[in-house]
Structure formats: C-alpha cells, structure tokens
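Okay, structure first, notes after.
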C-alpha cells in the first residue's frame, strides 16, 4: 500500500507587520531623542584617571584653549544678570537694561570687559568662540579673569545660588594660561575647583587604584 504524501507547506514568513513595528519604533526614538548640542568652545581636555562626575547645574565653567583664549560660561540666568550688574559697578561696563537682558541668555563670554557691550549685540546664530578675542589673562597686570571671578562670587553671594567652579583647559595650552586662571581664583578667595578631563582607567594594583576601591576621591585645589 502506498504511503500517503503529506502536503508541503510554505516556510516563508510574512515580515510586513514586523517591518511596520520596527519603523514605528525607529520613528519614535528619532523624534524623542534630544541630541547633544555642539560645544561652542572647542577644547581637547587632558587625560586622567578620575572617576568623579562633574556637576551639571549651577556651574561656573572657565575654559581656555590651546591659544590661551579664556572664556566664562554660566548656566544660572539670575546669577548672570547679577554678574552684569557687578561688572557695571566694578568696571563701568556700560551695560544697558537691553544689554543685561542679552547677558542673561548668552551661553558664554569671551571678550575684554571694554568690548562686552558690542559682543552682546552679535546674533546668537553668528556668535562663535573662534571669532572672539577671549578674556585677557596674559599676565598679572592684564588679567581680567580676576574681575570676572570677583563679579561672579559677588553675584552668587547676593542671589544665594550654589557655586560649582569648574575648569576646562586644553591639553596643549601653555602653563602661564593655567597659572593666571588659578591666580584669579586665589584673588577671589576660591581655592577649590574641579577640572574636566578625559577619563582613563586606573592601573590595577597601584596606590591610586586602592584609593578608588576604598571610595576616596580628590578635589583640585588652588592653594
């Protein structure tokens, strides 16, 4: 007696529904993702083995490039407004109410105080760090970072805002630039700050590795 033949069924799978779901998920993630904005100030930070994460709020960021140009960034608009008032009072910056309003929304500052008013008039979409001369920090006699720090400290004191001081210096920057920035900190009685670096792993078995294993961290000091 002949063996009955089992009808063969197609092994193909309809992928239409799966493709629809995949494209829906892809569209969702594209539309809801917040992309990181490009950095206004290009700085290649040095490497370190520090694992401490820098704060993201109430930050005063002092940056300097390999060319020795210095910039200040603040994220608290109330503090920025008070800094503008302090610069008017301390150095006669001549900032009008309209200038102070622009100062509140500016992302960074990088000019001598005498040129600050004209810099605030530059449209935000055309403002680039590379086109600005930077805050003068050439030597002790011409170090306007001291004035900026004194204004920033006074503004934080008046507004009661938290003060997180962070330094971001380029790996190729020359030592005098860093020295003059630290000197400005000292003259403003700011002896503690954090530095942004490119993290590397700690060599296993070293004294520093044992400190990290115990949870010990270090903070940079201007002393």
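Brief remarks follow.
- FRET efficiency for residue 171 and residue 192, using Cβ-Cβ distance with R0 set to 25 Å, rounded to 0.05: 0.65
- Cβ-derived FRET efficiency at R0 41 Å, residue 19 paired with residue 78, nearest 0.05: 0.20
- Cβ-Cβ FRET estimate between residue 58 and residue 28, R0 fixed at 22 Å, reported to 0.05: 0.10
- From most to least packed by mean Cβ count within 10 Å, the peptides 20-32, 150-162 give 150-162, 20-32.
Quick note: the coordinates plus some simple rules give every number you see, no bench work behind them. Bear in mind that the values here come from a model prediction, so they are computed numbers and not experimental data. Methodologically, a virtual Cβ is constructed for each residue, glycine included, from the backbone with ideal geometry; neighbour enumeration extends over all protein chains shown.
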